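Structure first, then comments.
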Amino acid sequence: MNELTARLAPDRLTTDGAAALIPSWELVLRAERKSPETIKVYGDGLRRYLLWCAERGTGPMDRTSLNQWVAGMLDQGAAAGTARVRQLAVRRFTAWLIVEGRLPADPFQGMTAPRVDQPVVDPLTDDELRALIKSYAVPSRPNGTGLKEPLHHRRDEAIVRLMFETGIRPGEVVALEIGDLDLLNGLVHVRRGKGGIGRVVPIGPTAVEALRRYLVLRDGHRLAHARDLWLGERGRRFGYDGLSRALRRRAQRAGIEGFHPHKLRHTAAHRWLARGGSESGLMAMAGWTRTDMLMRYTKARASDRAAHEARRLNLGDL
């Protein structure tokens, strides 16, 4: 179907008409420098909603339809965060339609998003981190090139060490390029963090050495000329899904339950404060601009850190 050009009332925009506009909307998101992961999540959420509407013969710009879709997701066991992001995708698309002059008004004005509970995420213990790192020490198997297995072991170890030391986001990790590393000075340049804000993250000798060992093997890969820092298997780009699969596989091998990549960010935040690092320094390292994010990522062990600090201060001693 050709892209719509006329200004339509909300009840006149069909699911096919809305679907035809998705490529133009995604182009605008790219022009706004939204991350590839964000564009993918938004596009997936909107397409799911339009498919749901098409199957039921309902209009996509209808408040009841959107509410029923969200409620149905929650009733079927979807996480509140998932339902919230998918609803946001629909609303962001609608806002774009209004800016483009394709809708006269927002049919979803005043609707609230599903409330998301903030779970307390326990950081990994030092023993779990050691197990996660040791899970890479697996002898390589012959595979024709002698390269594939040791490369991805070195890659994953470097990623784990980088993440639990610095708290860098998974999306920021996969976006790194070769030119973002300054191993001589122990620095990693995050060119575009969340909200488009970049920062420079210092790393210690252990992470530097893990990256150096990975780069030695990377130089022998057939895609060594690529700008991307991390190389995937069979020539595929190593994106967020690849990172998640790789690290979850390693965590399973290490016997760590309930692992997800973002847990390394929680771990880095806890370790920073537990070792006496300042809150302002942690915010700069993690790329946070709001103190509520600091509290969210460090509340799991806040009482433990407070007890340790209280014993050190010994305020009862007069």
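The values are calculated or read from the model by the stated rules, or taken from the named source; none is laboratory data. Bear in mind the structure is a predicted one, so any value in this text is a computation, not a measurement. As a convention, Cβ positions derive from the backbone with ideal geometry for all residues, glycine included, and neighbour counts pool all protein chains shown.
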(request) Kindly indicate whether Ala210 is assigned by TED's automatic domain parsing to the domain that holds Glu279, small (Gly, Ala, Ser) and within 29 Å of Arg30 (Cα to Cα). (result) no
(message) When the residues of region 159-211 are narrowed to those that are closer than 15 Å to Pro261 by Cβ and of a type in the set (Val, Ile, Thr), which ends up surrounded by the most Cβ atoms within 10 Å (Cβ to Cβ)?
(response) Ile159
(request) Among the residues of region 23-44, write down those that are within 20 Å of Ala83 (Cβ to Cβ), touching a residue at least 24 places away in the same chain (Cβ under 8 Å) and of a type in the set (A, V, I, L, M, F, W, C). (result) Val41
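Which one is nearest to Glu172 (Cα to Cα) among residues in region 265-291 that are among the hydrophobic types (A, V, I, L, M, F, W, C) and touching a Gly at 6+ places or on another chain (Cβ under 8 Å)? Don't jump to the end; show me each part of the working.
Here is the first cut: in region 265-291, the residues among the hydrophobic types (A, V, I, L, M, F, W, C) are 268-269, 272-274, 282-286, 288.
If we keep only those that are touching a Gly at 6+ places or on another chain (Cβ under 8 Å) as well, we get 268-269, 272, 282, 285-286.
On the way: Ala268: 15, Ala269: 16, Trp272: 19, Leu282: 17, Met285: 13, Ala286: 11 Å.
Out of the qualifying residues, it is Ala286.
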(message) Being under 26 Å from the mean Cα position of the chain (by Cα) and either farther than 30 Å from Thr267 by Cβ or surrounded by 13 or more Cβ atoms within 10 Å (Cβ to Cβ) (or both) narrows it down to one residue among Arg84, Arg115, Arg102; which is it?
(response) Arg84
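Condition check: hydrophobic (A, V, I, L, M, F, W, C) and in contact with a Lys or Arg (Cβ under 9 Å, 6 or more places away or on another chain). Does Leu88 satisfy that? Give the derivation first.
Values: hydrophobic (A, V, I, L, M, F, W, C): yes; in contact with a Lys or Arg (Cβ under 9 Å, 6 or more places away or on another chain): no.
Taking the combined requirement at face value, the residue does not satisfy it.
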(request) With the condition kept exactly as written, say whether any residue in region 69-89 is outside the structural domain of Gly193 (by TED's automatic domain parsing), at pLDDT 90 or above and not in a helix (DSSP H, G or I). (result) yes
(request) For residues that are of a type outside the set (Asp, Glu) and more than 24 Å from Leu247 (Cβ to Cβ), tally how many sit in region 295-313. (result) 11
(message) Please go through region 181-215 and give me each residue that is over 20 Å from Ala286 (Cα atoms), without any contact (Cβ under 8 Å) to a residue 40 or more places away in the chain, part of a helix (DSSP H, G or I) and among the aliphatic types (A, V, I, L, M), ordered by number.
(response) Leu215
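Filter region 39-65 for residues that are among the β-branched types (Val, Ile, Thr) and part of a helix (DSSP H, G or I) and give the result.
Within region 39-65, the first condition is being among the β-branched types (Val, Ile, Thr), and the residues that meet it are 39, 41, 58, 64.
Scanning region 39-65 gives Ile39, Val41, Thr64.
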